[in-house]
Amino acid sequence: MARILVIEDDEQFREMLVQMLTQDAHRVTVAHDGEEGLRLSRQVRPNLIITDILMPRMDGIETIMELARQGGDTPIIAISGGRRSISAEFNLESATLMGVKATLAKPFTRADLRQAIEQALG
């Protein structure tokens with residue numbers, strides 16, 4: 001299966017996501033924010049990156065932009081649950097404009113995740 005880098009600041013959600021991915025035999029590396037995700041993406045060279053949009057230090061949009069600036073062509077799935085003042089749909093639409101291959105609004109099902117991975121990896 002795929003080498004997947006998960007960039008997610010919410011510990012509980014990150015653990016659940018990693019569990020779903022490893023049960024499907026993916027090799028998973030985790031980062032707690034965009035800065036760590038950028039560093040790990042250079043080290044691990046994943047086949048796929050799954051990044052949350054709203055995170056401290058460096059959010060998902062900044063991370064996606066920096067990956068593109070560095071010339072990366074690793075497919076990206078953006079995920080978001082939104083916040084009170086910003087909907088998940090707005091965040092994911094912004095990510096789509098940045099060129100991500102798939103988006104998922106939190107919460108999502110294992111089937112939704114599998115479909116997004118298949119779409120992203122084509």
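Residue by residue, segment 65-77 carries 3J(HN,Hα) couplings of 4, 5, 4, 5, 4, 7, x, x, 10, 5, x, 10, 10 Hz when phi is fed to the Karplus relation 6.51 cos²θ - 1.76 cosθ + 1.60 (θ = phi - 60°); x denotes Gly or Pro. Subtracting the Cα-Cα distance of residue 97 and residue 23 from their residue separation scaled by 0.36 nm leaves 23.5 nm. Leaving out ligands, DNA and RNA, what percent of the accessible area of the chain is carbon and sulfur, probe 1.4 Å? Here it works out to 48 percent.
Given 58, 2, 76, which one lies farthest toward the positive end of the charge dipole of segment 1-90, if we put +1 on the Cβ of every Lys and Arg and -1 on the Cβ of every Asp and Glu? Comparing the listed Cα positions along the dipole, 2 ranks first. Applied to segment 107-121, the Karplus parametrisation 6.51 cos²θ - 1.76 cosθ + 1.60 on θ = phi - 60° returns per-residue 3J(HN,Hα) values of x, 9, 8, 4, 5, 4, 5, 4, 5, 5, 4, 4, 5, 5, 8 Hz, with x for Gly and Pro. Accessible surface calculations at 1.4 Å, restricted to protein heavy atoms, place the chain at 55 Å² per residue.
Label separation (residue 70 vs residue 114): 3.2 nm, computed from points 7 Å beyond Cα along the C-beta direction.
Springs join every pair of Cα atoms under 10 Å in this Gaussian network model of the chain, and among 22, 103, 74 the largest mean-square fluctuation is at 22.
The values are calculated or read from the model by the stated rules, or taken from the named source; none is laboratory data. Remember, it's a predicted structure, so these values are computed and weren't measured experimentally. Note that we place each Cβ from the backbone using ideal geometry, even for glycine, and neighbour counts take in every protein chain shown. Please note that ligands, DNA and RNA were not included when accessible areas were found on the heavy atoms of the full protein model with its side chains. Shrake-Rupley method; radii C 1.70, N 1.55, O 1.52, S 1.80 Å.
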